[in-house]
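Student: Take this structure first; my questions come after.
Only the coordinates and a few stated rules stand behind these numbers; no lab work does. If you're wondering where the values come from, they're calculated on a predicted model, not measured in any experiment. Please note: Cβ atoms are built from the backbone with ideal geometry, for glycine as well, and neighbour counts cover all protein chains shown.
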Ligand SMILES: Cc1ncc(C[n+]2csc(CCOP(=O)(O)OP(=O)(O)O)c2C)c(N)n1
Ligand SMILES: [Mg+2]
């Protein structure tokens with residue numbers, strides 16, 4: 001089949017193949033992480049992004065480096081697309097000193113100042129007020145970076161969501177609120193949590209621009225993101241509701257008994273965002289089978305290398321235990337006995 | 001308050017605690033354009049306790065912002081703005097309402113530097129009035145500094161005088177870390193000597209101060225109780241007991257050396273605080289003094305605190321719920337029995 005340098009929905013072949021590669025990178029990375037967890041190399045909570053790859057990829061790929069991304073504990077994918085070194089993310093999961101947060105944050109607390117990937121937060125919805133703060137600072141400093149804030153469908157039931165949306169609209173903060181609606185918050189399904197089956201009225205309550213998008217179709221995600229980013233650069237927030245699905249349990253500790261097997265199977269076989277994009281690329285003759293395979297293999301190689309890097313890295317030291325509590329070392333400990 | 005040289009003393013004037021705080025904010029806002037002030041009713045209303053009065057007119061409503069009634073996003077946005085390079089001063093209407101923002105204080109402000117491996121920090125001041133004694137009832141009379149002082153990653157300070165209020169607030173705004181700045185609702189109108197506006201001074205956030213020297217017993221205290229202890233010391237002096245009033249002023253980190261040096265001299269200690277007695281700040285201080293200063297002590301440390309009840313409304317029982325001068329005097333007599341006998 002001849003490769004055509006066509007565009008799809010205005011996206012170049014290069015961009016489309018980049019999307020394809022990044023989604024595989026996330027998936028292979030997460031599979032490696034799952035392996036590390038099973039082997040006991042990764043401890044604590046491990047929340048995988050498998051199934052949701054099109055959301056981070058479609059949205060974050062179009063951000064500038066100075067644009068801020070802030071997320072929940074399910075943030076490995078966001079970090080990888082923002083450009084954070086997979087080795088350092090994996091090392092963080094392994095609790096190694098070479099991790100982005102020196103092994104002191106773990107899977108839920110990825111942060112990279114140089115990429116403006118400014119944190120995984122593990123208190124549900126706590127990142128929304130903080131995102132407002134970045135928006136406020138951007139306005140004050142007359143900087144035109146936007147802040148993209150990711151959270152789940154569970155987060156919108158917290159008070160922080162409402163306080164933040166109201167403030168963002170009221171103060172015209174350049175923040176994009178992205179609800180990755182994967183239909184479950186841990187074991188609780190949407191029907192048991194939301195009194196109305198859409199975020200549209202909640203956005204309307206604050207007069208905020210709102211868009212709902214199919215999170216498995218990366219091109220749709222990308223387009224909605226483009227509109228939201230434009231709005232944010234012009235000083236207006238948006239609430240994006242992205243419908244998606246996690247293919248694994250809430251965390252590695254979750255066998256997922258609350259979801260019917262057929263439901264999970266249906267999403268996996270019919271709505272896998274990577275397979276959906278692959279089908280389009282083939283249909284349109286944008287990429288050959290061989291090319292697609294090469295991109296997937298490249299992703300596998302990077303994930304494998306990250307895992308090896310993490311394995312080979314040292315653990316933090318006892319000095320690291322007490323370092324970096326505060327800027328002021330005299331303030332870090334209530335009182336240090338010196339007599 | 002023996003910190004000033006003669007030149008400075010000549011230009012001292014007496015102003016209120018409230019005015020001292022306002023001056024600190026004005027001076028710091030003039031000095032540093034990154035300083036912004038946000039909170040409920042700080043502009044149009046003039047500030048719940050009138051601390052922020054006039055700031056919006058002077059510095060503009062971009063830098064002095066009334067917020068909706070939304071404590072979590074006030075503090076959360078202030079944390080984010082601080083991480084993003086501003087120097088926010090967030091005012092919470094009272095400490096009682098800080099509980100709605102406590103997640104952002106404890107789980108965000110105190111944690112991000114550490115859990116992100118030192119890549120960020122939070123130069124933020126959260127001002128909040130606390131304390132009881134004005135018949136405001138159980139939900140508006142609390143002193144909850146120990147809840148926050150328990151948490152590594154933030155500083156907690158409680159100035160008692162206008163001089164300290166101004167000097168410590170200026171230090172707090174310049175500090176690179178998060179400072180919970182706890183004011184006392186009954187101190188706003190209290191006057192004290194403060195150098196003239198524009199005469200630059202700061203008070204460090206890790207040092208207490210001896211507010212009155214004495215050789216017989218150390219009254220270890222902070223915030224409004226400093227004044228009550230000074231009154232008690234005055235009375236005790238009439239019977240020949242010289243009480244040393246140790247204003248701890250910084251709760252976290254704590255200047256324990258100051259208290260240890262004081263008890264090394266007096267060999268007796270009474271801890272006085274307004275908050276509840278158990279699991280609180282005073283017990284923490286007493287425990288530290290026992291642990292590191294046991295050999296200095298000739299008698300067990302006394303401890304006077306708020307009565308263990310939600311604060312009542314009705315005047316005379318509310319008064320009984322907080323330590324007073326006579327209670328302190330009685331406690332001192334108990335700790336120094338030989339003196340009473342004399
Ligand atoms: C304030 C708070 N409550 C409860 C939890 C425990 N918890 C962690 S994740 C989670 C579910 C959140 O679901 P959702 O927001 O839909 O995100 P998802 O995991 O689906 O990405 C819960 C209840 C928490 N971390 N924080
Ligand atoms: Mg969910």
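Student: For the ranges A:246-255, B:93-102, B:305-314, what's the packing order if you count other beta-carbon atoms within 10 Å of each residue, average per peptide, and put the highest first?
Tutor: Values: A:246-255: 17.5, B:93-102: 20.1, B:305-314: 15.3.
Per-residue Cβ counts within 10 Å, averaged per peptide and sorted highest first, yield B:93-102, A:246-255, B:305-314.
Student: Considering only C-alpha atoms, what is the centroid distance from the range A:130-171 to the range B:32-58, in Å?
Tutor: What the calculation gives is 22 Å, centre to centre.
Student: Return the Cα extents of the range A:13-338 along principal axes one, two and three, sorted largest first, each rounded to a whole Å.
Tutor: Extents along the principal axes: 71, 48, 40 Å.
Student: In what sequence do B:276, A:171 fall when counting other Cβ within 10 Å, fewest first?
Tutor: Working: B:276 22, A:171 19.
Neighbour counts put them in this order, fewest first: A:171, B:276.
Student: Pick from A:208, A:90, A:318: which residue has the top mean-square fluctuation in a GNM of chain A where Cα pairs under 10 Å get a spring?
Tutor: A:318
Student: Moving on to the next point. Quick one: if the Förster radius is 45 Å, what FRET efficiency do residue A:205 and residue B:257 give, using the C-beta to C-beta distance and rounding to 0.05?
Tutor: Working: r = 55 Å, r/R0 = 1.21.
Rounded to the nearest 0.05, the efficiency is 0.25.
Student: Ok, one more. Any idea what the relative contact order of chain A is, in percent, if you count C-alpha pairs under 8 Å spaced at least 6 apart?
Tutor: 24 percent
Student: Next question. With a ≥ b ≥ c taken as the square roots of the eigenvalues of the C-alpha gyration tensor of the range A:17-134, please select rounded if a/c is under 1.5 and otherwise prolate if a/b is larger than b/c or oblate if it is not?
Tutor: Working: a/c = 1.58, a/b = 1.15, b/c = 1.37.
The shape class here is oblate.
Student: Let me ask another. Give the average, rounded to an integer, of partner chain Cβ atoms located within 10 angstrom of each Cβ in B:212-223. Display every interim value, and only then the final one.
Tutor: On the way: counts 0, 0, 0, 0, 0, 0, 0, 0, 0, 0, 0, 0.
Going residue by residue through B:212-223 and averaging, the value is 0.
Student: Out of all DSSP beta bridges in chain B, what portion is antiparallel? Express it as a percent rounded to 5.
Tutor: Values: 10 of 43 bridges.
Among the beta bridges of chain B, antiparallel pairing accounts for roughly 25 percent.
Student: Taking only the C-alpha atoms, wrap a convex hull around the protein assembly as shown and report its volume per residue in Å³ as a whole number. The partial results should precede the final answer.
Tutor: On the way: hull volume 114.1 nm³, N = 681.
With only Cα atoms used, the protein assembly as shown gives 168 Å³ per residue.
Student: How well do other chains shield peptide B:79-92, expressed as the mean number of their Cβ atoms within 10 Å of each residue Cβ?
Tutor: Details: counts 5, 18, 11, 3, 9, 14, 6, 5, 0, 4, 0, 0, 0, 0.
That average works out to 5.
Student: Mean projection of the alpha-carbon convex hull of chain B over all orientations, in nm²? Let's see the in-between values first.
Tutor: Values: hull surface 70.1 nm².
Its average projected convex-hull area is 17.5 nm².
Student: Right, next: If each DSSP helix of 4+ residues adds -39,500 (n - 2.57) and the sum is divided by the residues in chain A, what number results at 222 nm, nearest 500 deg cm²/dmol? Working shown, then result.
Tutor: On the way: 14 runs with 154 residues, N = 339.
Helix contribution divided over all residues of chain A: -14000 deg cm²/dmol.
Student: Right, here's the next one. Please list B:16-23, A:67-74 highest first by mean number of surrounding beta-carbon atoms within 10 Å per residue.
Tutor: Values: B:16-23: 22.8, A:67-74: 25.6.
Result, highest mean first: A:67-74, B:16-23.
Student: Can you put B:67, B:108 in order of Cβ neighbours within 10 angstrom, beginning with the fewest?
Tutor: Values: B:67 23, B:108 27.
The fewest-first ordering by Cβ neighbours comes to B:67, B:108.
Student: Another question, if that's okay. Just from its helices, what would the mean residue ellipticity at 222 nm be for chain B, if runs of 4 or more DSSP H residues each count -39500 (n - 2.57) and the sum is divided by every residue, rounded to the nearest 500 deg cm²/dmol? Could you put the intermediate results ahead of the total?
Tutor: Numbers: 13 runs with 121 residues, N = 342.
Value at 222 nm, helices only, nearest 500: -10000 deg cm²/dmol.
Student: Can I ask one more? Report for the range A:13-338 the percent antiparallel among DSSP-assigned beta bridges with both residues inside it, nearest 5. Show your work: numbers first, answer last.
Tutor: Working: 3 of 26 bridges.
Taking every DSSP beta bridge with both residues in the range A:13-338, the antiparallel ones total about 10 percent.
Student: Just to confirm the number: angle between the C-alpha axis of helix B:17-31 and the first principal axis of chain B, 0 to 90 degrees, nearest 10?
Tutor: Once rounded, one gets 40 degrees.
Student: Also, I was wondering about something else. By how many degrees, between 0 and 90 and to the nearest 10, does the Cα long axis of helix B:256-266 differ from the longest principal axis of chain B?
Tutor: Helix B:256-266 sits at roughly 20 degrees to that axis.
Student: On to the next question. Averaging sequence separations of C-alpha pairs under 8 Å and six or more residues apart, then dividing by the length of the range B:1-102, give the relative contact order as a whole percent. Can you show the working numbers first?
Tutor: Values: 115 pairs, mean separation 28.2, N = 102.
After rounding, I find 28 percent.
Student: Follow-up question, since we're still on this one. In whole Å, how far is the Cα centre of the range B:256-276 from that of the range B:177-248?
Tutor: For the range B:256-276 versus the range B:177-248, the Cα centre distance is 13 Å.
Student: Counting alpha carbon pairs within less than 8 Å and at least 6 residues apart, what relative contact order, in whole percent, applies to the range B:153-207?
Tutor: Numbers: 62 pairs, mean separation 27.3, N = 55.
Reported relative contact order: 50 percent.
Student: Then there is this: Can you compute the label reach from residue A:311? Point 7 Å from Cα along the Cβ direction, backbone N cut-off under 17 Å, restricted to the range A:20-36.
Tutor: Hits in the range A:20-36 for residue A:311 at 17 Å: A:29-36.
Student: Determine, from the Cβ-Cβ distance of residue B:107 and residue B:139 and an R0 of 25 Å, the FRET efficiency 1/(1 + (r/R0)^6), rounded to the nearest 0.05. Before the final figure, lay out the partial values.
Tutor: Numbers: r = 23 Å, r/R0 = 0.93.
Approximately 0.60, to the nearest 0.05.
Student: DSSP beta bridges in the protein assembly as shown, what fraction antiparallel, as a percent rounded to 5?
Tutor: Details: 14 of 70 bridges.
Approximately 20 percent, going by the DSSP bridge assignments.
Student: Packing-wise, with mean Cβ within 10 Å as the measure, how do A:223-233, A:286-296 rank, highest first? Kindly include the intermediate steps, with their values, before the conclusion.
Tutor: Details: A:223-233: 18.9, A:286-296: 16.2.
The packing order, highest mean first, is A:223-233, A:286-296.
Student: Now a separate question. Nearest 10 degrees is fine. How inclined is helix B:281-293 to the longest principal axis of chain B, computing both from alpha carbons?
Tutor: For helix B:281-293, the angle is close to 60 degrees.
Student: Another question about this same structure. Peptide A:152-162: average number of partner chain Cβ atoms within 10 Å per residue?
Tutor: What the average comes to for A:152-162 is 2.
Student: If you take the square roots of the eigenvalues of the alpha-carbon gyration tensor of the range B:209-340 and sort them as a ≥ b ≥ c, do you get rounded (a/c under 1.5), prolate (a/b over b/c) or oblate?
Tutor: Values: a/c = 1.70, a/b = 1.24, b/c = 1.37.
Verdict is oblate for the range B:209-340.
Student: By counting other Cβ atoms within 10 Å of each Cβ, how are B:83, B:29, A:216 ranked from fewest to most? Numbers along the way, then the final one.
Tutor: Working: B:83 28, B:29 22, A:216 25.
Sorted ascending by nearby Cβ count, the order is B:29, A:216, B:83.
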